[in-house]
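*Asks:* Take a look at this one; I'll ask things after.
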Amino acid sequence: MGDVLAGIHATWEFESDALVIRFERGNRNTPKLFGALRERRVPHEALASVTLTPGKRGTVVLHAVPRPGADPLMEAAAGQLKETCDPYRLVLPADRETLAEYYRDELRALLPRDATDGADGSAEGDDAALMPTDGFLVAAPAGPLSFKTYDGRASFDGMSEIAFRWSWTGASSEKWKAGDQTFSVRELSGVEWRSPEILDGYLRLVPRDGAPRPAQPDRDPASVVFGLGLGPVHESLPFAAAVLAAIRGKDRAPVAVPAGAPDAARRDPGAVADRIRHLGDLHRAGLVTDEEFSAKKAELLAEL
């Protein structure tokens, strides 16, 4: 097709094998998630259907519906995104409805056959369109990624390692006892993301070993919890999607992690000193026993 359709906050470019979505940046009315994503290339086989519906306040909405399992971003979001933050919606003025209908039909014609061979000849409402894909077809946001949370900072090198570094003001005593955490993608089976726009939002890594975990994320060293203005959607969701894509990628093609790589705490003596000071505060408050204090302090001193 090779055409371009400009809407509100985004532009769709129609290539022969993919839909390229480019998001507007720099406009304060544009959802921050769109600015963070910048651009997404969606192969036609990643789409289940394309719909056109009336929008709000004199608009129409083109909606390209991804197949389950095709996009790590939507898999991580798990239906929690607000409608206005759905990156697959293109909002257009109502006077462009005829043009939108044309592009809807043109794009439908390029979708895989099993997404368009329903009883009524359309992609809408067809059970075949809901068949999950075998692996992600849309690229995850690029790493490295990092964002601040209520109880620390989460970072991902974009390939193989996730690190949680605890804040001395927000982390629970359980997390301070466990110390800063580093996770290999190979050790994980998934990611749970609960939107920061919902009460008690968090990001939790799911280990492969299936070992029991604390029920509350604020006590789980494999979780970071969000707070007011911390872990916002446009930072935490792309992070969760990138980690999820790396996990699925390792499932298909394991990558060895070099042995003997220094951990984050060993590279930052100041962080170790902060942890020792906070450990002392926990000990004085009676939240850490004498034995736990001595053992953990020796462990931390060994990192200096």
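*Asks:* Restricting the search to the range 18-71, which residues are closer than 22 Å to residue 96 by Cα, among the hydrophobic types (A, V, I, L, M, F, W, C) and crowded, with 17+ Cβ neighbours inside 10 Å?
*Replies:* If the condition is that a residue be closer than 22 Å to residue 96 by Cα, among the hydrophobic types (A, V, I, L, M, F, W, C) and crowded, with 17+ Cβ neighbours inside 10 Å, then 19, 21, 23, 50, 52, 60, 61, 62, 64, 65 are the ones that fit.
*Asks:* Scanning for something charged (D, E, K, R) and under 25 Å from residue 245 (Cβ atoms), does the range 92-112 turn up at least one residue?
*Replies:* no
*Asks:* Here's a check for you: in the range 18-44, which residue that is part of a strand (DSSP E or B) and basic (Lys, Arg) is nearest to residue 242 (Cα to Cα)? First the steps, then the outcome.
*Replies:* Initially, the range 18-44 is screened for residues part of a strand (DSSP E or B), giving 18-23, 39-43.
From what's left, basic (Lys, Arg): 22, 40-41.
On the way: 22: 19, 40: 14, 41: 15 Å.
Across the range 18-44, the extreme among qualifying residues is 40.
*Asks:* So the check is Cβ under 7 Å with 6+ separation or different chains; which pairs have a first residue in the range 177-202 that's in the same structural domain as residue 156 (by TED's automatic domain parsing) and a second one that's polar (S, T, N, Q)?
*Replies:* Listed pairs, sorted by first residue: 184/160; 185/160; 193/236; 195/80; 196/236; 198/80; 201/195; 202/223.
*Asks:* Looking at 60, 91, which is the one that is modelled with pLDDT of 95 or more, more than 27 Å from the chain's Cα centre (by Cα) and part of a strand (DSSP E or B)?
*Replies:* Only one candidate qualifies: 60.
*Asks:* Using beta carbons and a limit of 9 Å, which pairs, at least six apart or on different chains, have the first residue in the range 156-167 and without any contact (Cβ under 8 Å) to a residue 40 or more places away in the chain and the second one in a loop (DSSP other than H, G, I, E, B) and of a type in the set (S, T, N, Q)?
*Replies:* Correct list of pairs: 167/149.
*Asks:* Run down 65, 42, 50 and say which single residue is in contact with a Ser or Thr (Cβ under 7 Å, 6 or more places away or on another chain) and outside the structural domain of residue 236 (by TED's automatic domain parsing). Even if it seems obvious, please write down each step before you answer.
*Replies:* Numbers: 42 fails: in contact with a Ser or Thr (Cβ under 7 Å, 6 or more places away or on another chain); 50 fails: in contact with a Ser or Thr (Cβ under 7 Å, 6 or more places away or on another chain).
Every option except 65 fails the conditions.
*Asks:* Sticking with this one: Working only within the range 190-219, note down all residues that are closer than 23 Å to residue 158 by Cα and either acidic (Asp, Glu) or touching a Pro at 6+ places or on another chain (Cβ under 7 Å) (or both).
*Replies:* Within the range 190-219, 192, 196, 202, 204, 209 qualify.
*Asks:* On the basis of being under 19 Å from residue 34 (Cα atoms) and either crowded, with 19+ Cβ neighbours inside 10 Å or of a type outside the set (D, E, K, R) (or both), does residue 99 make the cut?
*Replies:* When the stated conditions are applied, residue 99 does not pass them.
*Asks:* Output the residues belonging to the range 219-252 that are surrounded by fewer than 23 Cβ atoms within 10 Å (Cβ to Cβ) and aromatic (Phe, Trp, Tyr).
*Replies:* If the condition is that a residue be surrounded by fewer than 23 Cβ atoms within 10 Å (Cβ to Cβ) and aromatic (Phe, Trp, Tyr), then no residue fits.
The values are calculated or read from the model by the stated rules, or taken from the named source; none is laboratory data. Given the structure is predicted, the values throughout are model-derived calculations rather than measurements. Note that each Cβ is placed from the backbone with ideal geometry, even for glycine, and that neighbours are counted across all protein chains shown.
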